[in-house]
Amino acid sequence: MRASLFVAVASVALLAACGSSNDAAETAEPTATPAPTPSVQAVAPLMMPDGTAVGTATVTPGINAVRIALEVTGMPPGEHGVHVHMTGKCEGPKFESAGGHWNPDAKMHGLEGEPGQHAGDMPNLVVAEDGTGSLNYQLLGGNWDGLLDADGAAFVVHAMPDDQKTDPSGNSGDRVACGVFALGGGAAPAAQP
């Protein structure tokens, strides 16, 4: 009998507690959702060997990746291999100062390569007959700090399409445009999904 009485009293107390917290939740003032923190970005203004501006490559940090948005204008029509290169230098006319593809994990080249790809490998950029093109891609295998390390990084547009498998450069031909990434916008790197 005592056990039954104890269970009944405990049940009433539990129900009363639940009811009071629900009442408190219903009368509480709504809380404001904080404004999103602006994302840091790094922008590479792209130039041809003669100094002609042809677009931008913009990177933002993501979770275990780096997002890149590419916009070009005044480029030759067709498919072009595009890559993040490991050194932040674009000395013309051949832009060899940008070094090889960004490859912190020492993988083979190409989206179709085994076992994986360089961190700086991307699908080909398709430039329309009017000379414009755009590409958005998430670079896997690299991180924000690695991209913007002491010697920086560059973005390179090649003359021909990347075959996505031939190491080390995908047979994508000469480097026809290049830009060095520099920080711009935002406050502190904030990972984005």
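The values are calculated or read from the model by the stated rules, or taken from the named source; none is laboratory data. A quick note: this is a predicted structure, and the numbers were derived from the prediction, not measured. Neighbour counts are summed over all protein chains in view; Cβ atoms, including those assigned to glycine, are modelled from backbone coordinates with ideal geometry. Surface areas here come from the heavy atoms of the whole protein model, side chains and all, with no ligands, DNA or RNA. Shrake-Rupley method; radii C 1.70, N 1.55, O 1.52, S 1.80 Å.
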Exercise. What are the ³J(HN,Hα) values, in whole Hz, obtained from phi via the Karplus relation 6.51 cos²θ - 1.76 cosθ + 1.60 with θ = phi - 60°, for each residue of the range 63-80 in sequence order, with x given for Gly and Pro?
Worked result: 7, 6, 6, 10, 8, 10, 10, 10, 10, 10, 8, x, 9, x, x, x, 8, 9
Problem set entry | Label point distance in nm, Asp130-Ser97, each placed 7 Å from Cα along Cα→Cβ | 3.4
Problem set entry | Potential lengthening between Asn171 and Ala159 on full extension [0.36 nm per residue; Cα-Cα distance subtracted] | 3.3 nm
Exercise. Can you tell me the accessible area per residue over the range 58-147, all protein chains present, probe 1.4 angstrom, in square angstrom?
Worked result: 46
For this session: Per residue, how big is the convex hull around the C-alpha atoms of the range 49-170? Give it to me in cubic angstrom, could you?
Result: 94
For this session: Note the full-extension length gain between Leu140 and Thr52 as 0.36 nm times their separation in residues minus their Cα-Cα distance, in nm to one decimal.
Result: 28.6 nm
Exercise. Over all Cα pairs of the range 100-144, how is the pair count split among 5 Å bins, expressed in % and running from 0 up to the last occupied bin?
Worked result: 5, 22, 25, 18, 13, 10, 5, 1
Exercise. Of the heavy-atom accessible surface of the range 46-121 (probe 1.4 angstrom), what whole percent is carbon and sulfur?
Worked result: 53
